[in-house]
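Report on the following structure.
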Amino acid sequence: MPRASRRAALPAAALLTLALAACSAPAPGDGAGGSADWTPVTIEHALGTTTVESRPERVATVNWANHEVPLALGVVPVGMAAADFGDDNGDGVLPWVEEKITELGAQTPVLFDETDGIDFEAVADTRPDVILAAYSGLTQEDYDTLSEIAPVVAYPETPWGTPWREMIELNSRALGLADEGEELIAGLEEQITASVAEHPQLEGRSAMFLTHVDTSDLSQVSFYTAHDTRAMFFEDLGLQTPGSIAAASEETDRFSLTRSAEQADAFDDVDIVVTYGGDALLSTLQGDPLLAQMPAVERGAIVALPGDSPLGTAANPTPLAIEWVLDDYLDHLAAAADEAR
């Protein structure tokens, strides 16, 4: 998930030395294929322009979920970010990722510990030919440092704001697998459409996604804007963006905002509230004199996702998580929609 801190960059000379070593090292054959028919791929993004001159054999990914694109397309990365949110068994790999690695008969890639930001040295040690980060929060400094190691695909517009379709499009293009990426998108869209059709009570309903609620201080309401991928996913699921959230989102390109609880009546147009929390969260919200004014809270139309569980993690849609969590997530939303009536 998004992290604010970043590790200090390695000296440029040290990274350049590692990058040169990577270029001279033999490819292990676990990449996207041979280079004979490769046409250089140029990708423009928010932090610059990246050209992948030859077909990448060694693929590294940083930040959240980018590794799911090559894995979904049958390419095992040499290194990827360890999961630091929703990890069910503490091994740094989310269950849908573990299932895919097993399906491909591969070993777990090198896991980059990003607790304190990107570990540039660990990334360089994997000797990548390309670094995928189409969904990320890279700073310009992060990007420049990583670019000393290998070509980097960054986010197209805003940090942590790349929709799952664009994540697949950009990362698959960098691998020379654009057509396969489009097929992956089409397949996921078909699954989503079929599953949503089984939950007709969601049609016409609106939803907002609160960030983690601090039950010890309910004086403020923090929520994800329409620029965040969790909120974007609602539309895939047949839900609408409330006018209150749409209006607030027009004021900023940030993925979250905070409002005083005294302004909670602004969210009268919200049918369903999704957030992270345990079983006691609903009673806590309903017991607050200000937040209880929200119709969704008053009626109990709340989906409280365990924030440390795979289900909570997968509310942020990613290529492998969508299929894994889709039906369970829709069931929770449908139950909340029934309460909203």
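The values are calculated or read from the model by the stated rules, or taken from the named source; none is laboratory data. Since this is a predicted model, take the numbers as computed values, not measurements. For neighbour counting, all protein chains shown are included, and Cβ atoms are generated from backbone atoms with ideal geometry for every residue, glycine included.
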task = Answer yes or no as to whether V110 is out of contact with any Ser or Thr (no Cβ under 6 Å at 6 or more places or on another chain), at pLDDT 95 or above and hydrophobic (A, V, I, L, M, F, W, C).
result = no
query = So is D308 surrounded by fewer than 19 Cβ atoms within 10 Å (Cβ to Cβ), modelled with pLDDT under 90, farther than 30 Å from S136 by Cβ and not basic (K, R) or not?
reply = no
request  = Quickly run through segment 114-142 and pick out the residues that are β-branched (V, I, T) and at pLDDT 95 or above.
outcome  = I118, V123, T126, V130, I131, T139
ask   = Among the residues of segment 189-209, how many are small (G, A, S) and over 23 Å from the mean Cα position of the chain (by Cα)?
value = 2
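This table checks each residue for (1) polar (S, T, N, Q); (2) out of contact with any helix residue (DSSP H, G or I) (no Cβ under 9 Å at 6 or more places or on another chain); (3) buried (at least 19 other Cβ atoms within 10 Å of the Cβ).
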residue	(1), (2), (3)
T229	yes, no, yes
L239	no, no, yes
S249	yes, no, yes
T252	yes, yes, no
S260	yes, yes, no
I272	no, no, yes
T275	yes, no, yes
L285	no, no, yes
D288	no, no, no
query = Does segment 222-229 contain at least one residue that is over 22 Å from the mean Cα position of the chain (by Cα) and either within 18 Å of D269 (Cβ to Cβ) or of a type in the set (F, W, Y) (or both)?
reply = no
remark   = Picking from D179, D142, D119, the residue that is out of contact with any Cys (no Cβ under 9 Å at 6 or more places or on another chain) and within 20 Å of A46 (Cα to Cα) would be D142
query = Among G300, G278, G312, which is the only one that is farther than 29 Å from A194 by Cβ and not aliphatic (A, V, I, L, M)?
reply = G278
request  = Looking at (1) farther than 20 Å from A315 by Cβ; (2) at pLDDT 95 or above, find the lone condition where P242 falls short.
outcome  = (1)
request  = Residues that are of a type in the set (K, R): find the helices (runs of 4 or more DSSP H) completely inside segment 31-125 holding 1 or more of those.
outcome  = 95-103
ask   = Exactly one of (1) out of contact with any Ser or Thr (no Cβ under 6 Å at 6 or more places or on another chain); (2) of a type outside the set (A, V, I, L, M); (3) buried (at least 20 other Cβ atoms within 10 Å of the Cβ) is unmet by Y155. Its number?
value = (1)
remark   = When (1) of a type outside the set (D, E); (2) surrounded by 19 or more Cβ atoms within 10 Å (Cβ to Cβ); (3) more than 18 Å from P70 (Cβ to Cβ) are applied to N171, the one that fails is (3)
task = Search segment 112-138 for residues that are within 19 Å of R173 (Cα to Cα) and pair each with any residue that is outside any strand (DSSP E or B) and among the basic types (K, R) when their beta-carbon atoms are under 9 Å apart and the residues are at least 6 apart or on different chains.
result = P128/R58; D129/R55; D129/R58; V130/R58
request  = Mind telling me which of the residues W96, W64, W38 ends up being of a type in the set (A, V, I, L, M, F, W, C), farther than 27 Å from N316 by Cα and either out of contact with any strand residue (DSSP E or B) (no Cβ under 8 Å at 6 or more places or on another chain) or at pLDDT below 95 (or both)?
outcome  = W38
key: Matching option when the condition is touching a Ser or Thr at 6+ places or on another chain (Cβ under 7 Å) and over 30 Å from G277 (Cβ atoms), among E121, E180   = E180
query = If you take the residues in segment 177-219 that are assigned to a helix (DSSP H, G or I) and among the acidic types (D, E), which one is surrounded by the most Cβ atoms within 10 Å (Cβ to Cβ)?
reply = E180
message = Testing T145 on (1) over 21 Å from E235 (Cα atoms); (2) in a loop (DSSP other than H, G, I, E, B), one condition comes back false. Which one is that?
response = (2)
query = If you check A46, A60, A83, which single one turns out to be closer than 25 Å to S309 by Cβ and within 19 Å of the chain's Cα centre (by Cα)?
reply = A83
note = Y224 vs (1) in contact with a strand residue (DSSP E or B) (Cβ under 9 Å, 6 or more places away or on another chain); (2) surrounded by fewer than 17 Cβ atoms within 10 Å (Cβ to Cβ); (3) without any contact (Cβ under 8 Å) to a residue 40 or more places away in the chain; (4) not charged (D, E, K, R): all pass except (2)
